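See structure below.
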Amino acid sequence: MSKRTISGKSAIVGIGATEFSKRSGRSEMRLAVEAVLAACADAGIDPSEVDGISTYTMDNNPEMEVHRLIGGKALKMFSRIDYGGGAACGPLLQAAMAVATGICECVVVYRAMNERSEYRFGTGVADRGADPTYETAAFGWHSPHGLITPASWVAMSAAAYLHKNGATTEDLGRVSVGGRSMAANNPNAWFYQQPISLEDHQNSRWICEPLRLLDCCQESDGAVACVVVSDERAKELRHKPAYIRGAAQGSCDDQQSMTSYYRDDISRLTECGLVAEQLYRQAGVGPNDIQTAVIYDHFTPYVMTQLEEYGFCQRGEAKDFLRSGEHLLTGSLPINTHGGQLGEAYIHGMNGVAEGVRQIRGQSVNQVDNVQHVLVTAGTGVPTSGLLLGAEN
Amino acid sequence: MSNALRPRIGVNKDTQFFWDGLKQGKLLIQHCKDCDQLQHPPGPCCKHCQSFELDAIESTGRGTIHSFVRMHHPVAPPFEAGHPIVLVELEEGTRLIADFINSKPEQVFIGAAVKVAITDCDDEVTLALFEPASI
Ligand SMILES: [Zn+2]
């Protein structure tokens, strides 16, 4: 292994969140500050010590303002990672690099949004104005044809995946049923005590065939934040550290944002494979060393693809993995033990990072036994990211 | 068809030729004069060899359905609930997204033969819609 590595040099030592709702009744900035202060309190670190901040490009709360409001003194690194939920683990990579290289002592990452009450992503991009930017020109290849929503962009790849691999929409339903079974035990989940059956899934209305309503995650208001410090400092703090054993981003193979329809095999998420290879190399572990995973679940089909790209099953065999229940609490790899974004809340993946930390600490409502390593993935269909947390460094 | 307008198109200096071609009834594919490869969506240079020497060829407009969806929600005019949208693989090898018109449900499947139907949707927007190869 290269001597130049971030693996094990930093740890997540604090997590904080607001409640998850459909209408927070507060500004997004307030949600961000509440979550960051809660994460610092959880870590036992004075917020004035925060000297690095990273978030996502779609977050509306500037790092500068969050830092000012929490009583920050000197902000030495600030960054925001692009591509929506695909960023989810990217800020942790920024934090790990900043701490490992001595740029920062204490980095906060956050995602805060009134996505449900103020600007629903699910309504699509139909009324974007025409301008000559790259992004608008790119939308022009599909939005005038009516392919205007995240669900529709995923559905196009999903149809090819199901066709190629002999999987069915019931397999998609198994992802949804699994997530909701986990959320049913989680008092912080929007769908607490509301499990669903495969029949419920099959009876839910079409959104964009082959996707039904229950293949699409919910839309939420809320915020989640994490605090990252060095491995040395982590040992002195109150919680068992969740060491960052790997953190990586990936974009490859004729990448587009949500519409990688021009690559050789559109049923794959090769960018996830790129992230997986980096994480496993950094951490010196493989998929068999992982006891539980948070697999980004904005839409069910890409959970299947990710199970394959991250090496938990062979390509095309996610359907068999799901049919034998390996993703459930009783299976070989319980996934999304907080309920995922299908069940807990859609906080653009940052709530999944927090669940990864709880599994390392032994604090999940659906705790898995003897957790040594947890994989956390990020939004798919876009340039993506991933995180490999360890109980040891 | 409804009078409601489709989403507007953002056009820039790399993509202008494609939309101009449709106005002239041609489905164009960007072509590299150096390595002779095609690419879609178009860009300022060839993704294969990074040449800036680009022109375009006219597609036959024939291809097959590589994948498809049926859009149900949200759907606003001029679209109808459940309308199929296809990812076409052209004979020339490149792909593009298209609203699929004039089709019966049994004509929408992966592998189905399709052909282009260049359509003036309104005063501004001309699109390469597709339809079954034999209607
Ligand atoms: Zn070339």
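Going through the stretch B:71-108 one residue at a time, which ones are touching a Cys at 6+ places or on another chain (Cβ under 8 Å) and under 19 Å from A:Leu213 (Cβ atoms)? Within the stretch B:71-108, B:Met71, B:His72, B:His73 meet the criteria. Inside the stretch B:95-135, can you point out the residues that are within 10 Å of the chain's Cα centre (by Cα) and in contact (Cβ under 8 Å) with a residue 40 or more places away in the chain? Of everything in the stretch B:95-135, those that are within 10 Å of the chain's Cα centre (by Cα) and in contact (Cβ under 8 Å) with a residue 40 or more places away in the chain turn out to be B:Arg95, B:Leu96, B:Val116, B:Ile118, B:Leu127, B:Ala128, B:Phe130. Filtering the stretch A:213-246 to residues that are touching a Gly at 6+ places or on another chain (Cβ under 8 Å) and within 14 Å of another protein chain (Cβ to nearest Cβ) leaves A:Leu214, A:Asp215, A:Cys216, A:Glu219.
Scanning the stretch B:68-86 for residues that are over 21 Å from A:Arg120 (Cα atoms) and either facing another protein chain (nearest Cβ under 7 Å) or touching a Pro at 6+ places or on another chain (Cβ under 6 Å) (or both) yields B:Phe68, B:Val69, B:Arg70, B:His83, B:Ile85.
On the stretch given as the stretch A:16-28, residues that are under 26 Å from A:Gly86 (Cβ atoms) and either over 21 Å from the mean Cα position of the chain (by Cα) or assigned to a loop (DSSP other than H, G, I, E, B) (or both) total 6. Restricting attention to the stretch A:105-126, the residues that are surrounded by fewer than 16 Cβ atoms within 10 Å (Cβ to Cβ) and facing chain B (nearest Cβ under 7 Å) total 1. Among the residues of the stretch A:183-212, write down those that are within 24 Å of B:Ile110 (Cα to Cα) and surrounded by fewer than 17 Cβ atoms within 10 Å (Cβ to Cβ). Those that are within 24 Å of B:Ile110 (Cα to Cα) and surrounded by fewer than 17 Cβ atoms within 10 Å (Cβ to Cβ): A:Gln202, A:Arg205. Restrict the check to the stretch B:58-76 and report whether at least one residue is under 16 Å from A:Asp264 (Cα atoms), among the polar types (S, T, N, Q) and at pLDDT 95 or above. The answer is yes, given that some residue of the stretch B:58-76 is under 16 Å from A:Asp264 (Cα atoms), among the polar types (S, T, N, Q) and at pLDDT 95 or above. Only one entry of A:Ala151, A:Ala159 meets the criterion of being surrounded by 24 or more Cβ atoms within 10 Å (Cβ to Cβ), at negative phi, facing chain B (nearest Cβ under 7 Å) and modelled with pLDDT of 95 or more, and that entry is A:Ala159.
Residues that are within 11 Å of the ligand (Cβ to nearest atom) and at positive phi within the stretch B:33-69 comprise B:Asp36, B:Gln50, listed in sequence order. Restricting the search to helices (runs of 4 or more DSSP H) fully inside the stretch A:273-365 and requiring at least 2 residues that are in contact with a Cys (Cβ under 6 Å, 6 or more places away or on another chain) gives A:301-309, A:340-343.
Could you go through the stretch B:25-32 and let me know if any residue there is within 14 Å of another protein chain (Cβ to nearest Cβ), away from the ligand (no atom under 16 Å from the Cβ) and within 30 Å of A:Ser204 (Cβ to Cβ). Looking through the stretch B:25-32, none of the residues is within 14 Å of another protein chain (Cβ to nearest Cβ), away from the ligand (no atom under 16 Å from the Cβ) and within 30 Å of A:Ser204 (Cβ to Cβ). Of everything in the stretch A:198-212, what is in contact (Cβ under 8 Å) with a residue 24 or more places away in the chain and away from every other protein chain (no Cβ under 14 Å)? Give them in sequence order. Of everything in the stretch A:198-212, those that are in contact (Cβ under 8 Å) with a residue 24 or more places away in the chain and away from every other protein chain (no Cβ under 14 Å) turn out to be A:Leu198, A:His201, A:Gln202.
The values are calculated or read from the model by the stated rules, or taken from the named source; none is laboratory data. All values derive from a computational prediction rather than experimental measurement. A quick note on method: Cβ atoms are made from the backbone with ideal geometry, for glycine too, and the neighbour counts reach across all protein chains shown.
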